[in-house]
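Novice: I'd like to ask you about the structure that follows.
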Amino acid sequence: MVGNDIVDISEAKSRSDWQRPRYLDKLFTTQEQAYIHKSEDSFRTVWRLWTMKEAAYKLHTQLNPGRFYNPRAFECTIAGNSGQVVFNDHRYFVATRITSDYILSEARLESNNLISKVIVFETDDCQEQGEYLKAKALELVADAQDVPVEDLRLETSDYGIPKIIYNSKVISLSLTHHGHFGAFAIS
């Protein structure tokens, strides 16, 4: 199982107001706020921590289906490009990629590799972005399994959790998009 989240840096700069009073208190623990305030680039640290929390949340809801909003309960620790997110008695390993254009975090249960890809969108339409992202994920799985893409089904649970089905095989999938970037991760 896998979870991921991406933030378009330009989009976040133009639309976010993370410096307003109490914003950080609502989303981040005391330790996370210390990371932010001590960082050479507080803006990127805010969005790195956010993507880590979101990726872990997506993974957590695959294991424990349900929806809730409690970002402070997902506590992040950072070590280089890696990190961990702890929620209650669950620990998720997270790898983060920070570029000049986006921040991408991918969560997994063990510190192992997964298949992922970042997509640059040519459209601003969120629905078109989502459909394009799903199509690209299906193409990659079809190539990896050496099967026609028509033999694959992408299904979502009642909670919106996607998975790819091929015969009786279920492949865990996480999708994310923000601004002009999208990404998928497959375990």
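Novice: Taking the stated definitions as given, is Y57 aromatic (F, W, Y) and touching a Phe, Trp or Tyr at 6+ places or on another chain (Cβ under 8 Å)?
Specialist: yes
Novice: Return yes when I171 is surrounded by 11 or more Cβ atoms within 10 Å (Cβ to Cβ) and in contact with a strand residue (DSSP E or B) (Cβ under 8 Å, 6 or more places away or on another chain) and no when it is not.
Specialist: Spelling it out, I171 is indeed surrounded by 11 or more Cβ atoms within 10 Å (Cβ to Cβ) and in contact with a strand residue (DSSP E or B) (Cβ under 8 Å, 6 or more places away or on another chain).
Novice: Any residue at all in segment 20-31 that's in contact with a Pro (Cβ under 7 Å, 6 or more places away or on another chain) and in contact (Cβ under 8 Å) with a residue 40 or more places away in the chain?
Specialist: yes
Novice: Could you tell me how many of the residues in segment 145-168 are free of Cβ contacts under 8 Å to residues at least 12 places away in the same chain, in a strand (DSSP E or B) and either of a type in the set (G, A, S) or surrounded by fewer than 13 Cβ atoms within 10 Å (Cβ to Cβ) (or both)?
Specialist: 2
Novice: Being out of contact with any strand residue (DSSP E or B) (no Cβ under 6 Å at 6 or more places or on another chain) and in contact (Cβ under 8 Å) with a residue 60 or more places away in the chain is the filter here, so list the residues in segment 41-64 that pass it.
Specialist: Of everything in segment 41-64, those that are out of contact with any strand residue (DSSP E or B) (no Cβ under 6 Å at 6 or more places or on another chain) and in contact (Cβ under 8 Å) with a residue 60 or more places away in the chain turn out to be T61, Q62, L63.
Novice: Taking segment 1-37 only, how many residues are in a helix (DSSP H, G or I) and open to solvent by less than 10 Å² (accessible area, probe 1.4 Å)? Step through it out loud before you land on a result.
Specialist: First, pick out the residues of segment 1-37 that are in a helix (DSSP H, G or I): 9-15, 23-27, 30-37.
Now narrow it down to the ones that are open to solvent by less than 10 Å² (accessible area, probe 1.4 Å): 9, 12, 32, 36.
Qualifying residue count, segment 1-37: 4.
Novice: Which ones in segment 65-83 are part of a helix (DSSP H, G or I) and out of contact with any strand residue (DSSP E or B) (no Cβ under 9 Å at 6 or more places or on another chain)?
Specialist: Correct list: P71, R72.
The values are calculated or read from the model by the stated rules, or taken from the named source; none is laboratory data. Quantities reported herein were computed from a predicted structural model and do not represent experimental measurements. So basically every Cβ, Gly included, is an ideal-geometry build from the backbone, and we count neighbours across all protein chains shown. What goes into the accessible areas is simple: the full protein's heavy atoms, side chains included, and nothing from ligands, DNA or RNA. Shrake-Rupley method; radii C 1.70, N 1.55, O 1.52, S 1.80 Å.
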